[in-house]
1. Has the stretch 50-69 got any residue that is part of a helix (DSSP H, G or I) and more than 12 Å from the chain's Cα centre (by Cα)?
2. Answer yes if at least one residue in the stretch 25-44 is over 17 Å from Ile68 (Cβ atoms), touching a residue at least 12 places away in the same chain (Cβ under 8 Å) and among the β-branched types (Val, Ile, Thr), and no otherwise.
3. Condition first: open to solvent by 90 Å² or more (accessible area, probe 1.4 Å) and not in a loop (DSSP other than H, G, I, E, B). Now tell me which residues in the stretch 4-24 satisfy that.
4. Applying the selection to the stretch 34-69, what residues are of a type outside the set (A, V, I, L, M), open to solvent by 70 Å² or more (accessible area, probe 1.4 Å) and under 21 Å from Ile5 (Cα atoms)?
Amino acid sequence: MNRMIRLTLEMTKRYQVREENQTIHALARAREFKPDLILLDVIMPGVDGGELARRIKADPVLRQIPVIFLTGTVTKKEAAEGSVTAG
């Protein structure tokens with residue numbers, strides 16, 4: 001899914017896409033790049049997407065950046081805790 005989204009956004013020639021698959025590097029990478037939007041998967045190696053989103057929102061540099069979860073797996077608890085709509 002990441003590849004498809006990345007290619008679709010880049011093909012428009014309106015977006016620069018940066019991908020980080022290691023959660024331990026994600027905050028530093030976001031601080032460097034200063035994105036307009038962060039797309040997260042809930043299931044990530046190490047720190048899960050929900051925890052990473054909490055860290056993003058606690059960071060003074062990143063807290064104003066919207067975070068959208070794109071995932072195939074969402075529990076009712078995760079949906080209740082975040083801005084995720086359970087299907």
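The values are calculated or read from the model by the stated rules, or taken from the named source; none is laboratory data. Values in this document were obtained by computation on a predicted structure and should not be read as measured data. Note: ideal-geometry Cβ built from the backbone for every residue, glycine included; neighbour counts use all protein chains shown. Accessible surface areas use protein heavy atoms only, side chains included; no ligands, DNA or RNA. Shrake-Rupley method; radii C 1.70, N 1.55, O 1.52, S 1.80 Å.
1. Yes, because at least one residue in the stretch 50-69 is part of a helix (DSSP H, G or I) and more than 12 Å from the chain's Cα centre (by Cα).
2. Checked against the condition, which is being over 17 Å from Ile68 (Cβ atoms), touching a residue at least 12 places away in the same chain (Cβ under 8 Å) and among the β-branched types (Val, Ile, Thr), the stretch 25-44 yields no hits at all.
3. Met4, Met11, Ile24
4. Across the stretch 34-69, the qualifying residues are Lys34, Asp36, Pro45.
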